Amino acid sequence: MLKLITPFMQIVDVPMRALQGLLGPRRLAWVFLLPNLFVFGFFTFLPVILNFFYATTGSDHILLQDRPFVGMTNFGQLMNCQSYLDPNTCQIDVFWRAVHNTLWFIVLQVGFMVVFSMITALILNRKIRARGFFRAVFFFPVLLSPVVVALVWKWILQDQGALNAVLDYLGYPTVNWLLSPTWAFAWSIFLSVWFHMGFYTLILLAGLQAIPRDVYEAAAMDAASPWRVFRKITLPLLMPTMVVVMVLALIKGVQTFDEIYAFTGGGPGSATTLVIQYIYQNGFSAAPRLFGLASAASILVAIVLVALTAVQLWITRRNANG
Amino acid sequence: MSDLELRGVTKAYGAAQVIKGVDLHVAQGEFCVFVGPSGCGKSTLLRMISGLEPISGGEVRIGGEVVNHLGPAERGLAMVFQSYALYPHMTVRQNLSFGLENLRAPKSEIAERVTAAAQMLQIDKFLDRRPKDLSGGQRQRVAIGRAVVREPRIFLFDEPLSNLDAELRVEMRGEISRLHRRINNTMIYVTHDQVEAMTMADKIAVLRDGRLEQFGRPLDLYNTPDNTFVAGFIGSPRMNFFKGHVRGGAVTLDAGTTVPLPAGKFQLAEGAAVTLGIRPNGMKPGNAGLPLTVASVERLGGESYLYGTAPDGTAVTVHSPGQTRIEPGTQIALALDADDAHLFSTDTTRSLLRKDA
Amino acid sequence: MTPFLTRTRGRQRLHWTDWLAYAYLCLGVLLMFGPVLWLVISSFKTERELQHYPPRLLPYVQKMEKVPGYSDPLPVFKVTAGPLAGQEVAQVRRIGIVSQVVRPDAPQTIVKVPIKDRKPVEHVALATSNYAKLFKRFNFFQFFYNSTFITVVATIITLLINSMAAFALSKYDFRGRGTVMALIIGTLMIPPTVVLVPLFLIVRDFGMIDTLWGVIIPGAATPTGVFLLRQYMLTIPDEILDAARMDKASEWKIYWRIILPLSAPALAVLAILSIMWRWNDFLWPLIALQRQEHFTLQLALNSFRGEFNTDWASLLAMTVLTLVPIVAVFAFLQKYIATGIASTGGK
Ligand SMILES: Nc1ncnc2c1ncn2[C@@H]1O[C@H](COP(=O)(O)OP(=O)(O)OP(=O)(O)O)[C@@H](O)[C@H]1O
Ligand SMILES: [Mg+2]
């Protein structure tokens, strides 16, 4: 490995040596930072700033100079609802449908995810045979690509697929799963939990294993019942990890797009359209390209994410200190 | 190989003045030890000499040439670090040759010098091992070897033995001394262990709080300390200090005893507040003299130490050869040997010894 | 319910909670592994077999036999009724509901058999026809190349520039370091998903839209990477760097001869994460790449959906080929990945 990169590094050494002579070792730090800052600057900071320009201008032109200033109109349109509880009363009903979908999606997804990863982690934390194998089994979907995951389940759920065949065999009526709005949504949540569960299981398992054994031994000396041990020791000590898991799952839940888009395409109708897909469709797939609305919506999402991340950082810091 | 000169060297981290003007001349081939309490700036001064730490003021000269503006590599020095700082991912051989490769020395010369240094330090058997597969003493040798192969003008050591156990420390101490006699380079050695300083040094520089307190040969520092700090720092156990005043050619201690002083040895001003310093072996339990309440006794077999307090509350340590019968809790009287006494001004803490005497 | 929630139990005989635990785990294996396995098995079925309803668990192929006088091998059937009942025959052609067959030992005499009176002779075998078709009909290698190029180049760039930044942030004390750190923490909160529109404009202005570089560059500086590496580099003692400086090494040389080798474990974790992100990346390539010849495997898989009215035969084969590399790489590095992902929060 070192041999491979040596020639390249030696070539770079020449200008770097010259710069070191010029700047001194301390200011050379900026040279080391430069490539990273360049990429950060152009592809993260600048977009954040420009996002506000897009959100406050109209038309379907991409170039900023062609876009007339419209102030808060885009936000106004997005928020123009008689009742936020009923997307049909909103000016941009698709957006609000996506918001509703996303809210339901994350509530259910995070709920199931936490419950199932908790159960799995508790079981994997027992003295079981082949623990490594079982842990890998639950973890491996995390490695798969969202598109692959979507296709795996589509193949099972398709009209003539394995699931319907089993139902048929057992004498139940078959269902065209992905053509029913309710089922499509339910399966989307299932798929998402299936996909990400291993990751949270792993974190919880690490949290469980960090609980010192002697605490349990002390509880055993106190003749605590298993249920009490779980309630009074395991759960409280695992709480910080649980909270981290929950916030992380929320942050990722809000950003869900890939697997659901590849799974249902947002359909049937807009039954499984999530917020990020709304942004994608407005900006990049459907004509006219309403960049302003897309940017305004993404700013709203960003606000939620920043708030969630702030909570997360606060919690991690508090955990680290306490 | 060259001499080292510091002229008014200072160092400040922001507002914090860490080195407050040090003047020092280490002659070619001398083994110079920096000692001082923790945090006094020994390492900082050494790193300023090495070029790793920029100099805030003053001049560092090596071989007569000002090197302030030169980087660590260009000064032609080598340094042995407290934690050895071996490159963990390289074998011993690679560790030794890394510096020479950077100097673009020919391969054959590198091999030759590495072999020679390895043989001298008896690490030639481990040349293809990684540092983690070596014992502490072996690692220390590699760290020294890394400095030796460079054939530097000056060797710098920053507490190189502090990570070793007591026995190994004594052994390596001898080894470094032998190395010095053999290659006879200028060496600067930082330690806070005054035994190391006394046994190894040609010259000792005592530092306190960023200032040079005294610079000289070990026994000169022991026999004629410039001030109470050096007097207390050099020598173990510590020198005893008694406050008192000059009364007609003698010192009347606050503890009540009067100690006559050798005539003409000290600059005496009638009534001046002075501090009398006497090492633990300059006092003997006797029939008359300074009263002492013995608090505890350390019996080491061949010698004993008495710890107690004088009437004015001064803590006193007394060395007594052989095995003593004195029990803790008894009152004894101490005979002070005025010839061994040191006298300091209480106000300036400086020695009152006449230089011309 | 209760004892199975705790772990401190001796190694006596299996308690009923142990049985429950193993039952859960076995169900888990079925649910987590089953679907993927099913997909892999299905990809080795012939197109005919894929149409079969209800689907059969194992891939079957029909027995084919070479009959003298016919250039291609002929499918073999077993006749279930009529004069030839119980015999194996080779079908020459089929006209409506009548099948013209020959007996292998008498290839000249053509016999007519109603198709309801014959059954294909099948055996379990892996059919590779889907894969062959994938290579012949579609630009699979192009997609594979694009994905590989993006993954490899992006990972190299990510490792290089993030380790350089981490080195600067961990080993130098310079004015503005705090600001840079704060900015990088800030970017943790802004995932690319919420800046798609302006990102598109900027990448377009750089002339990188619809090029592989347009996918590679924007994500190359990851805050996660910088943090991970910085945290690790902080554990490398500064004295080693000082020793190297005394050894006349330039700062760049210190970076690549000392810091990089010593950070190898952290670099490995970042490399694994980067490979995973890049190989599986979807939304940004979906926006940045437009022409099909630039598609990654993920985009190609996604585009199969509508375009061919779901050509499952090719799609299944392609899905398998997409997931095999990543699963193969990670089967060996399981431990690293698990720790890596757990320690960084995955993204
Ligand atoms: N980067 C820095 N910024 C501010 N102050 C510093 C810095 N480095 C060292 N100091 C201060 O400089 C003083 C001298 O430190 P130095 O490391 O030289 O002490 P030392 O004599 O080597 O002590 P020790 O025997 O414990 O190694 C200390 O008070 C320390 O707090
Ligand atoms: Mg020090």
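The values are calculated or read from the model by the stated rules, or taken from the named source; none is laboratory data. A quick note: this is a predicted structure, and the numbers were derived from the prediction, not measured. Neighbour counts run over all protein chains shown; Cβ positions are idealised from the backbone, glycine included. Side chains are part of the model used for accessible areas, which takes the heavy atoms of the whole protein and leaves out ligands, DNA and RNA. Shrake-Rupley method; radii C 1.70, N 1.55, O 1.52, S 1.80 Å.
Can you give me the % of accessible surface on chain B that is carbon or sulfur? Probe 1.4 Å, all protein chains present, nothing else counted.
Working: 7490 of 15590 Å².
After summing per-atom areas, the C and S share lands at 48 percent.
For chain B, taking Cα atoms only, what is the radius of gyration to one decimal and the Dmax to the nearest whole Å?
Considering chain B through its Cα atoms, Rg and Dmax are 24.3, 75 Å.
In deg cm²/dmol, rounded to 500, what helix-only [θ] at 222 nm does chain A give when every DSSP H run of at least 4 residues adds -39500 (n - 2.57) and the total is split over its residues? Mind showing how you got there, number by number?
Numbers: 14 runs with 224 residues, N = 322.
The helix contribution divided over chain A gives -23000 deg cm²/dmol.
Give the A-C buried accessible area in Å², both sides summed, 1.4 Å probe, nearest 100. Walk me through the numbers on the way to the answer.
On the way: alone 19850 and 21260 Å², together 30970 Å².
Rounded to the nearest hundred, the buried surface is 10100 Å².
Just tell me how shielded A:156-166 is by partners: mean number of partner chain Cβ atoms within 10 Å of each residue's Cβ, no decimals. Can you show the working numbers first?
Details: counts 6, 1, 2, 1, 7, 6, 8, 1, 3, 5, 2.
Average per residue, whole number: 4.
With θ set to phi - 60°, apply the Karplus curve 6.51 cos²θ - 1.76 cosθ + 1.60 along the stretch A:291-299 and write out the HN-Hα couplings as whole Hz, x wherever there is a Gly or Pro.
Each residue's phi maps through the Karplus curve to give 4, x, 5, 4, 5, 4, 5, 6, 5 Hz.
GNM, chain A, Cα, under 10 Å: largest mean-square fluctuation among A:47, A:15, A:240?
A:15
Measuring from label point to label point, each 7 Å out along Cα→Cβ, what is the residue A:38 to residue C:37 span in nm?
Reported label-point gap for residue A:38 and residue C:37 is 5.0 nm.
Give me the percent of Cα-Cα pairs in the stretch C:60-124 that sit more than 16 Å apart, rounded to a whole number. Mind dumping the intermediate values first?
Numbers: 788 of 2080 pairs.
Counting pairs separated by more than 16 Å, the tail of P(r) holds 38 percent.
From the backbone phi of the stretch B:247-264, what are the Karplus-calculated ³J(HN,Hα) couplings (6.51 cos²θ - 1.76 cosθ + 1.60, θ = phi - 60°) in whole Hz, Gly and Pro given as x?
Along the stretch B:247-264, the couplings run 10, x, x, 9, 10, 9, 6, 4, 6, x, 8, 10, 10, x, 10, x, 5, x Hz.
Counting each DSSP H run of 4 or more residues in chain B as -39500 (n - 2.57), what helix-only mean residue ellipticity at 222 nm follows after dividing by all residues, to the nearest 500 deg cm²/dmol? Don't skip to the answer; put the middle values down first.
Working: 8 runs with 85 residues, N = 357.
Value at 222 nm, helices only, nearest 500: -7000 deg cm²/dmol.
What whole number of Å gives the distance from the Cα centroid of the stretch B:35-49 to the Cα centroid of the stretch A:252-322?
Between the Cα centres of the stretch A:252-322 and the stretch B:35-49 lies a distance of 57 Å.
By how many degrees, 0 to 90 and rounded to 10, does the Cα axis of helix C:312-332 deviate from the longest principal axis of chain C?
Relative to chain C, helix C:312-332 is tipped by roughly 40 degrees.
Could you sort the peptides A:30-41, C:218-229 by per-residue average Cβ neighbour count (10 Å cutoff), highest mean leading? Display every interim value, and only then the final one.
Details: A:30-41: 19.4, C:218-229: 23.7.
Taking the mean over residues of other Cβ atoms within 10 Å, the ranking is C:218-229, A:30-41.
Would you work out which of A:32, C:155, C:285 lies farthest towards the positive end of the dipole of the protein assembly as shown? Charges go on Cβ: Lys and Arg +1, Asp and Glu -1.
Checked the options; the winner is C:285.
Leaving ligands, DNA and RNA out of it, work out the accessible area of residue A:96 with a 1.4 Å probe and give it in Å² to the nearest 10.
Approximately 30 Å² of residue A:96 is accessible to the 1.4 Å probe.
Enumerate the amide H contacts of residue B:295 below 5 Å, restricted to partners 5 or more residues apart or on another chain; note that Pro and chain-start residues carry no placed amide H.
Here the answer is B:307, B:308, B:309, B:329, since their amide H atoms fall under 5 Å of that of residue B:295.
Using a 10 Å cut-off on Cβ to Cβ distances, tally the other chain neighbours for every residue of C:161-172 and report the average as a whole number.
On the way: counts 9, 3, 2, 7, 9, 3, 3, 9, 4, 0, 2, 8.
For peptide C:161-172, the averaged partner shielding equals 5.
Per Stokes-Einstein, at 25 °C and 0.890 mPa s, what whole-number D in µm² s⁻¹ belongs to the stretch C:163-290, with the Kirkwood radius over Cα pairs as the hydrodynamic radius? Before the final figure, lay out the partial values.
Details: Rh = 16.5 Å.
The calculation lands on 148 µm²/s.
Go ahead and estimate [θ] at 222 nm for chain C from helices alone: -39,500 (n - 2.57) per DSSP H run with n ≥ 4, summed, over the residue count, rounded to 500. Show your work: numbers first, answer last.
On the way: 14 runs with 187 residues, N = 347.
My calculation for chain C gives -17000 deg cm²/dmol from helical runs alone.
For residue A:130 paired with residue B:254, estimate the spin-label separation in nm (one decimal), with each label point 7 Å from Cα along the Cα-to-Cβ line.
It is 8.3 nm.
Working from Cα positions, state the angle (0 to 90°, nearest 10) between the long axis of helix C:223-233 and the longest principal axis of chain C.
60 degrees
For the pairing of chain C with chain B, what total accessible surface becomes buried, with a 1.4 angstrom probe, in square angstrom to the nearest 100?
Working: alone 21260 and 16500 Å², together 35940 Å².
Summing both chains' loss of accessible area gives about 1800 Å².
Quick check for me: using +1 on Lys/Arg Cβ and -1 on Asp/Glu Cβ, what's the dipole size of the protein assembly as shown about its Cα centre, in debye to the nearest 20? The partial results should precede the final answer.
On the way: 94 positive and 72 negative charges, 496 e Å.
Using Cβ point charges on Lys, Arg, Asp and Glu, the protein assembly as shown gives about 2380 debye.
Using 25 Å as the Cα-Cα cut-off, could you pick out the over-long pairs in A:154/C:63; C:66/C:112; B:132/C:171; A:127/A:154; B:107/C:171; A:3/B:107?
Values: A:154/C:63 30 Å; C:66/C:112 19 Å; B:132/C:171 23 Å; A:127/A:154 36 Å; B:107/C:171 31 Å; A:3/B:107 18 Å.
Pairs exceeding the cut-off: A:154/C:63; A:127/A:154; B:107/C:171.
Inverting the mean 1/r over all pairs of different Cα atoms, compute the Kirkwood radius of the protein assembly as shown and quote it in Å. Please list the in-between numbers first.
Working: mean 1/r = 0.0278 Å⁻¹.
Value: 36.0 Å, from the Cα pair sum.
Nearest 20 debye, what's the magnitude of the dipole of the stretch C:131-345 about its Cα centre given +1 on Lys and Arg Cβ and -1 on Asp and Glu Cβ? Write down the numbers at each step before the final one.
Details: 16 positive and 12 negative charges, 42 e Å.
The dipole of the stretch C:131-345 has a size of about 200 debye.
Which one, A:179, A:204, A:286, is farthest towards the positive end of the dipole of the stretch A:177-322 when Lys and Arg carry +1 and Asp and Glu -1 on their Cβ?
Farthest towards the positive end: A:204.
Using a simple charge model, +1 on the beta-carbon of Lys and Arg, -1 on the beta-carbon of Asp and Glu, nothing else, what dipole does the stretch B:1-141 show about its Cα centre, in debye to the nearest 20? Provide the component values of the computation, followed by the final result.
Values: 17 positive and 14 negative charges, 109 e Å.
Roughly 520 debye for the stretch B:1-141.
May I ask you to give the solvent-accessible area per residue for the protein assembly as shown, in square angstrom, as obtained with a 1.4 angstrom probe? Numbers along the way, then the final one.
Values: 45540 Å² over 1026 residues.
Solvent-accessible surface per residue comes out at 44 Å².
Relative contact order, percent, of chain A when contacts are C-alpha pairs under 8 Å separated by at least 6 residues?
Working: 322 pairs, mean separation 80.0, N = 322.
For chain A, the relative contact order is 25 percent.
Please compute, for peptide A:9-22, the average count of beta-carbon atoms on other protein chains lying within 10 Å of each residue's beta-carbon.
On the way: counts 6, 3, 0, 4, 8, 2, 1, 6, 4, 1, 3, 4, 2, 0.
Mean shielding count: 3.
Where q = 0.12, 0.15, 0.17 Å⁻¹, what log10 of I(q)/I(0) comes from the Debye formula for the stretch C:131-345, counting one point per Cα?
Summing over Cα pairs of the stretch C:131-345 leads to -0.74, -1.04, -1.22.
Amide H neighbours of residue B:303 under 5 Å, at least 5 residues apart or on other chains, H built in the peptide plane: list them.
B:322
Give the relative contact order (percent, whole number) for chain C; include only Cα pairs under 8 Å separated by 6+ residues. Walk me through the numbers before you get to the answer.
Working: 369 pairs, mean separation 61.4, N = 347.
After rounding, I find 18 percent.
For the stretch B:88-215, what mean projected area does the convex hull of the alpha carbons give, in nm²?
Numbers: hull surface 35.0 nm².
If you wrap the Cα atoms of the stretch B:88-215 in a convex hull and average its projections, you get 8.8 nm².
Could you tell me which of A:255, A:298, A:224 has its Cα farthest along the dipole of the stretch A:193-302 towards the positive end, charges placed at Cβ (Lys, Arg +1; Asp, Glu -1), taken about the Cα centre?
Projecting each Cα onto the dipole axis, the largest value belongs to A:298.
Output wanted: per-residue J couplings in Hz (rounded whole) for the stretch B:275-284, from phi through Karplus 6.51 cos²θ - 1.76 cosθ + 1.60, θ = phi - 60°, x for Gly and Pro.
10, 9, x, 9, 5, x, 8, x, 10, 10
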